[in-house]
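Asker: Shown below is the structure under consideration.
The values are calculated or read from the model by the stated rules, or taken from the named source; none is laboratory data. Predicted model, so just to flag it, every value in this text is computed and none were measured. Methodologically, a virtual Cβ is constructed for each residue, glycine included, from the backbone with ideal geometry; neighbour enumeration extends over all protein chains shown.
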Ligand SMILES: Cc1cc2nc3c(=O)[nH]c(=O)nc-3n(C[C@H](O)[C@H](O)[C@H](O)COP(=O)(O)OP(=O)(O)OC[C@H]3O[C@@H](n4cnc5c(N)ncnc54)[C@H](O)[C@@H]3O)c2cc1C
Ligand SMILES: Nc1ncnc2c1ncn2[C@@H]1O[C@H](COP(=O)(O)O)[C@@H](O)[C@H]1O
């Protein structure tokens with residue numbers, strides 16, 4: 001089975017803050033990690049390979065330092081890794097990212113399945129997977145927890161608000177993968193060695209034959225007008241007593257006042 | 001009034017309109033008043049007879065209704081084709097979808113099909129009457145930051161909108177509206193995926209994402225058995241039970257209950273956090289709740305930073321006491 005996994009390197013969201021004066025992101029010194037959901041996508045890809053044989057190709061679009069994330073993928077078992085990077089891609093929103101990645105995936109090979117994380121934790125948009133699938137003209141199933149091969153394609157379990165759905169797909173497909181699917185395996189010693197020496201294939205806009213009008217800022221319909229810190233609650237009331245009965249009484253009093261109960 | 005339109009994607013499952021749709025229509029009423037645009041709904045179903053009136057009652061003046069056997073449930077290829085064709089034909093200014101498992105899958109496909117911008121999971125919408133643009137505000141970086149997004153040069157402007165953020169506003173029982181039947185031609189769409197079966201989990205009497213009250217437990221609960229104390233309170237309040245990841249990882253409760261960045265995003269009227277420290281990843285999933293009560297024995301716990309009322313104390317004392325005082329109150 002020929003498997004592609006799209007991963008994104010993201011700032012560790014725990015550590016990102018905003019400068020309250022300038023409303024800019026404080027990114028300096030923030031460590032980067034593989035987007036947690038993309039670890040689940042990669043693990044699903046590796047499991048499919050373990051079961052059916054084949055090859056796992058990992059593709060990321062990002063700045064040159066995203067190479068680190070790709071090496072981590074090699075350490076757990078990715079066979080080939082591709083970095084899509086170009087100044088021209090700067091400022092891409094999900095539309096432009098979907099377009100660019102779809103070109104890269106198609107250039108990288110003829111895949112039976114293309115896997116994505118459920119969403120990237122920097123933007124939490126969950127839009128790139130379906131976007132790429134449309135550009136590639138393959139069906140997409142979101143929120144996938146389990147996937148297995150069938151004679152004609154795949155059978156997958158999709159998580160919904162209410163429970164699970166079982167879907168059947170013919171031919172090639174794209175899936176976005178949820179956390180519950182699995183936990184990424186740890187790198188082996190051999191894997192770590194391989195990661196150090198692995199070749200990172202690097203492509204820019206020209207290698208992909210990308211149309212200028214569809215990439216980067218120009219290819220992005222949405223713009224960020226402003227960013228700001230969420231308002232902090234300043235009027236918090238604290239209840240603290242020796243006697244829990246008293247605390248609960250006060251609490252209920254305040255809730256009644258506000259007509260919450 | 002201009003002949004421009006705001007569309008709400010009317011999500012139905014088994015013929016029942018989702019709560020998120022009704023909330024969106026209600027917010028749509030406000031946007032329509034500000035912009036002068038006409039509020040419309042787009043409905044895809046196998047049978048619209050029981051649904052149309054409800055959409056009018058929540059403010060839709062016009063419902064574009066596509067009816068066909070292939071449209072009984074959400075299938076991405078069929079749904080995206082029907083809605084995208086309609087967008088290209090009618091050119092609405094704004095299209096809004098609930099940020100549900102359906103909306104968040106369908107909208108991104110449509111966005112690339114019609115070359116529109118899409119803002120995910122908005123928690124606030126407004127309309128700038130000077131520039132005549134939709135202002136779409138959403139949390140990013142796990143809620144550390146809010147961002148307001150614009151889509152100046154592409155139409156329609158599209159967003160998915162988080163359920164439970166906007167309040168439902170039913171105008172009446174017999175509101176008038178017009179239904180426009182949409183011709184469905186799916187002959188050119190490949191039949192390449194199908195739903196085989198659906199399993200609904202009876203996890204809870206109340207669904208987390210749609211609950212008005214949530215009682216949520218963290219590591220402070222102490223053991224799986226102790227979750228019963230929270231369940232008792234939940235029962236009394238008609239609430240759903242939530243959990244932090246620490247308790248899910250420990251196997252105390254199913255992942256289905258997890259609230260946070262890697263769990264569910266919830267927005268109840270009241271969120272009661274019991275023995276939860278308030279890690280940023282947890283806050284990401286519950287910060288936009290209307291009213292937050294935190295019960296924690298550590299007065300320094302982060303959860304108090306987002307709380308409206310903080311109760312410092314042992315949850316094993318407070319929670320059962322709360323349950324019994326509420327019981328007494330009801331009598
Ligand atoms: C990528 C990533 C994603 C994550 N996603 C999520 C997510 O979706 N959801 C999530 O919740 N977490 C998530 N986490 C984990 C998160 O960082 C925290 O570890 C977790 O939320 C902590 O859970 P907790 O508050 O229950 O436990 P703790 O942090 O251990 O807090 C327990 C609290 O209980 C209090 N307490 C103890 N005993 C009592 C008592 N008897 N009475 C009252 N209070 C008491 C303590 O004072 C303490 O504040 C994620 C982490 C990462 C790295
Ligand atoms: N720059 C990128 N490079 C590679 N994959 C990406 C990129 N951005 C997003 N993805 C993939 O698309 C998924 C959804 O991302 P998003 O739409 O940004 O939430 C991620 O989990 C990744 O699998």
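Asker: Go through region B:286-316 and give me each residue that's touching a strand residue (DSSP E or B) at 6+ places or on another chain (Cβ under 9 Å), without any contact (Cβ under 8 Å) to a residue 40 or more places away in the chain and either more than 10 Å from chain A (Cβ to nearest Cβ) or within 16 Å of ligand 2 (Cβ to nearest atom) (or both).
Answerer: The answer is B:298, B:301, B:303.
Asker: Has region A:71-90 got at least one residue that is away from chain B (no Cβ under 14 Å), over 22 Å from residue A:197 (Cβ atoms) and part of a loop (DSSP other than H, G, I, E, B)?
Answerer: yes
Asker: Looking at (1) out of contact with any helix residue (DSSP H, G or I) (no Cβ under 8 Å at 6 or more places or on another chain); (2) under 23 Å from residue A:59 (Cβ atoms); (3) modelled with pLDDT under 90, find the lone condition where residue A:197 falls short.
Answerer: Going through the list (1) out of contact with any helix residue (DSSP H, G or I) (no Cβ under 8 Å at 6 or more places or on another chain); (2) under 23 Å from residue A:59 (Cβ atoms); (3) modelled with pLDDT under 90, residue A:197 breaks only (3).
Asker: Among the strands (runs of 3 or more DSSP E) confined wholly to region B:185-278, which include 2 or more residues that are surrounded by fewer than 16 Cβ atoms within 10 Å (Cβ to Cβ)? Spell out the reasoning first.
Answerer: On the way: elements: B:193-200, B:213-217, B:240-243, B:270-274.
By residue number, B:193-200.
Asker: I need the full set of residues from region B:243-264 which are in contact (Cβ under 8 Å) with a residue 40 or more places away in the chain and farther than 19 Å from residue A:229 by Cβ, in order please.
Answerer: Within region B:243-264, the subset in contact (Cβ under 8 Å) with a residue 40 or more places away in the chain is B:254, B:256-257, B:259, B:261, B:264.
Of everything in region B:243-264, those that are in contact (Cβ under 8 Å) with a residue 40 or more places away in the chain and farther than 19 Å from residue A:229 by Cβ turn out to be B:254, B:256, B:257, B:259, B:264.
Asker: Right, next: When residue B:330 is evaluated against the numbered criteria (1) over 27 Å from residue A:124 (Cα atoms); (2) at pLDDT below 95; (3) facing another protein chain (nearest Cβ under 9 Å), which criterion, by number, is the only one it fails?
Answerer: The single condition residue B:330 does not satisfy is (3).
Okay, residues lined up against (1) modelled with pLDDT of 95 or more; (2) out of contact with any strand residue (DSSP E or B) (no Cβ under 6 Å at 6 or more places or on another chain):
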| position | (1), (2) |
| --- | --- |
| B:40 | yes, no |
| B:56 | yes, yes |
| B:66 | yes, no |
| B:80 | yes, yes |
| B:90 | yes, yes |
| B:95 | yes, no |
| B:115 | no, yes |
| B:131 | no, yes |
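Asker: Working only within region B:198-226, note down all residues that are within 16 Å of ligand 1 (Cβ to nearest atom), modelled with pLDDT under 95 and within 24 Å of residue B:290 (Cβ to Cβ).
Answerer: B:208, B:209
Asker: Taking strands (runs of 3 or more DSSP E) that do not extend beyond region A:113-213, which have at least 1 residues that are touching a strand residue (DSSP E or B) at 6+ places or on another chain (Cβ under 8 Å) and either under 23 Å from residue B:255 (Cβ atoms) or within 13 Å of chain B (Cβ to nearest Cβ) (or both)? Don't jump to the end; show me each part of the working.
Answerer: Values: elements: A:113-117, A:140-149, A:153-159, A:163-170, A:173-177, A:200-203.
The strands (runs of 3 or more DSSP E) meeting that bar are A:113-117, A:140-149, A:153-159, A:163-170, A:173-177.
Asker: Anything in region B:1-24 that is more than 19 Å from residue A:161 (Cβ to Cβ), surrounded by fewer than 24 Cβ atoms within 10 Å (Cβ to Cβ) and touching a residue at least 40 places away in the same chain (Cβ under 8 Å)? List them, or say none.
Answerer: The answer is B:4, B:5.
Asker: Restricting to region A:231-248, give me the number of residues that are over 30 Å from residue B:140 (Cβ atoms) and more than 7 Å from chain B (Cβ to nearest Cβ).
Answerer: Number satisfying all stated conditions: 4.
Asker: Moving on to the next point. Take residue A:121 and decide whether it is within 10 Å of ligand 2 (Cβ to nearest atom) and either within 17 Å of residue A:176 (Cβ to Cβ) or touching a helix residue (DSSP H, G or I) at 6+ places or on another chain (Cβ under 7 Å) (or both). Let's see the steps before the verdict.
Answerer: Working: within 10 Å of ligand 2 (Cβ to nearest atom): yes; either within 17 Å of residue A:176 (Cβ to Cβ) or touching a helix residue (DSSP H, G or I) at 6+ places or on another chain (Cβ under 7 Å) (or both): yes.
The answer is yes for residue A:121.
Asker: A further question on this structure: Are there strands (runs of 3 or more DSSP E) fully within region A:1-48 with at least 1 residues that are away from ligand 1 (no atom under 16 Å from the Cβ) and either at pLDDT 95 or above or at negative phi (or both)? List them.
Answerer: Working: elements: A:2-6, A:9-11, A:32-34.
Strands (runs of 3 or more DSSP E) meeting the threshold: A:2-6.
Asker: Another question, then. Considering only residues that are surrounded by fewer than 21 Cβ atoms within 10 Å (Cβ to Cβ) and either within 6 Å of ligand 1 (Cβ to nearest atom) or under 23 Å from residue A:162 (Cα atoms) (or both), which ones fall in region B:279-289? Break it down into steps so the answer makes sense when it comes.
Answerer: First, the residues of region B:279-289 that are surrounded by fewer than 21 Cβ atoms within 10 Å (Cβ to Cβ): B:279-281.
Within region B:279-289, B:279, B:281 qualify.
Residues checked against (1) over 20 Å from residue B:208 (Cβ atoms); (2) touching a helix residue (DSSP H, G or I) at 6+ places or on another chain (Cβ under 8 Å):
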residue	(1), (2)
A:134	yes, yes
A:137	yes, no
A:142	no, yes
A:152	yes, no
A:155	yes, no
A:160	no, no
A:165	no, no
A:168	yes, no
A:182	yes, yes
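Asker: Tally the residues that are within 16 Å of ligand 2 (Cβ to nearest atom) and modelled with pLDDT of 95 or more, restricting the search to region B:133-153.
Answerer: Residues in region B:133-153 being within 16 Å of ligand 2 (Cβ to nearest atom) and modelled with pLDDT of 95 or more: 1 in total.
Asker: A further question follows. Name every residue in region B:245-273 that is under 22 Å from residue A:118 (Cβ atoms) and touching a strand residue (DSSP E or B) at 6+ places or on another chain (Cβ under 7 Å), in order of residue number.
Answerer: Once the filter is applied, which keeps residues that are under 22 Å from residue A:118 (Cβ atoms) and touching a strand residue (DSSP E or B) at 6+ places or on another chain (Cβ under 7 Å), region B:245-273 yields B:245, B:247, B:248, B:253, B:257, B:258, B:259, B:264, B:266.
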